[in-house]
Amino acid sequence: MNQTPIVKTLHWPNEQACQAYAQALAEHSLLRQAVLCLQGELGSGKTTFTRYLLQALGVQGRIKSPTYAVVESYDVSIEDEVFPVWHFDFYRFKDPNEWEDAGFRDIFASKGLKICEWPDKAAGFLPVPDVDMAFTVNPDESREVRITAHSAIGLALLA
């Protein structure tokens, strides 16, 4: 995309609003090949959003945060198509080179949805995401989510 990124700000007054947005996003077929980067402080809602998104995509059972494992993978089936989903959490990285050392380049070069928490910890190695989501907790515990599209896929997901 050779233009200024498109930005949209959402207000989620409660967890149900987060769940509703995740459900709506899961209905986009282009999500199957997107890279989403989630940013925000601890407890801002990144993992909660990811859980709702994975559930909306049909993931059954417990959805673990990959804080210690760094990545959790899922196979999702929609409309008779199976595609992979990877949920990354780079929080524990001490150096961005750990991304390269872990061999994630091949995963990011393959098809499937990649959801990345704490992308700044892998700065310089992650590809430009289709969508950045910046989570902020308001004093009333509601959330502001600033969503930025960086690609044609991102624009379609934002529409």
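Every read-out reported here was derived from the displayed coordinates using simple, explicitly stated rules and does not represent laboratory data. Please read these numbers as outputs of a predicted model, since none were measured by experiment. Please note: Cβ atoms are built from the backbone with ideal geometry, for glycine as well, and neighbour counts cover all protein chains shown.
Taking the chain as a Gaussian network, Cα atoms linked when under 10 Å apart, which of Arg62, Arg32, Arg146 shows the biggest mean-square fluctuation?
Arg62
Between the range 59-91 and the range 1-55, what's the alpha-carbon centroid distance in Å?
When both Cα centres are located, 15 Å separates them.
I need the phi-derived Karplus couplings for the range 21-37: 6.51 cos²θ - 1.76 cosθ + 1.60, θ = phi - 60°, integer Hz, Gly and Pro marked x.
After applying 6.51 cos²θ - 1.76 cosθ + 1.60, I find 5, 4, 4, 5, 5, 5, 7, 7, 5, 5, 4, 4, 10, 9, 10, 10, 10 Hz.
Pick from Lys64, Lys114, Lys94: which is most flexible by mean-square fluctuation in a GNM of the chain where alpha carbon atoms under 10 Å apart are linked?
Lys94
I'm spelling it out carefully: the read-out is Rg and Dmax of the Cα atoms in Å, the candidates are (i) 17.3, 51; (ii) 14.8, 44; (iii) 16.6, 58, and one was derived from this structure. Which label?
Derived directly from the coordinates: (ii).
For every other residue with a beta carbon closer than 15 angstrom to the beta carbon of Pro66, add +1 if it is Lys or Arg and -1 if Asp or Glu, then tell me the sum. Before the final figure, lay out the partial values.
Details: positive: Lys46, Arg51, Arg62, Lys64, Arg92, Lys114, Lys121; negative: Glu72, Asp89, Glu98, Glu117.
Computed value for this residue: +3.
What does the net charge come to around Gln39 if you take all other residues with beta carbon closer than 14 Å to its beta carbon, with K and R at +1 and D and E at -1? List each step's numbers first, then the result.
Details: positive: Lys46, Lys121, Arg143, Arg146; negative: Glu41, Asp89, Glu117, Asp120, Asp132, Glu144.
Here the charged neighbours net out to -2.
Okay, helix-only estimate at 222 nm for the chain: each DSSP H run of n ≥ 4 adds -39500 (n - 2.57), divide by all residues, round to 500 deg cm²/dmol; what do you get? Intermediate values should be presented prior to the final figure.
Numbers: 5 runs with 41 residues, N = 159.
Per the formula, -7000 deg cm²/dmol.
Can you work out ³J(HN,Hα) from phi for every residue in the range 50-61, in order, using Karplus 6.51 cos²θ - 1.76 cosθ + 1.60 and θ = phi - 60°, giving whole Hz and x for Gly and Pro?
After applying 6.51 cos²θ - 1.76 cosθ + 1.60, I find 4, 4, 5, 5, 5, 4, 5, 7, x, 5, 9, x Hz.
Under a point-charge model restricted to the Cβ atoms of Lys and Arg (+1) and Asp and Glu (-1), what is the dipole moment magnitude of the chain relative to its Cα centre, in debye to the nearest 20? Please report the intermediate quantities before stating the final value.
Numbers: 14 positive and 21 negative charges, 15 e Å.
About 80 debye.
Net charge around Val82, counting only other residues with Cβ within less than 15 Å of its Cβ (Lys, Arg = +1; Asp, Glu = -1)?
Values: positive: Arg32, Lys111; negative: Asp75, Glu79, Asp80, Glu81.
Around Val82, the surrounding residues sum to -2.
Across the range 101-116, in residue order, what do the Karplus-derived ³J(HN,Hα) couplings come to in whole Hz, using 6.51 cos²θ - 1.76 cosθ + 1.60 with θ = phi - 60° and x for Gly and Pro?
4, 7, x, 6, 4, 5, 5, 5, 7, 9, 6, x, 7, 10, 10, 10
Count the DSSP beta bridges whose two residues both fall in the chain, then state the antiparallel fraction as a percent rounded to the nearest 5. Numbers along the way, then the final one.
On the way: 22 of 35 bridges.
Bridges in the chain are about 65 percent antiparallel.
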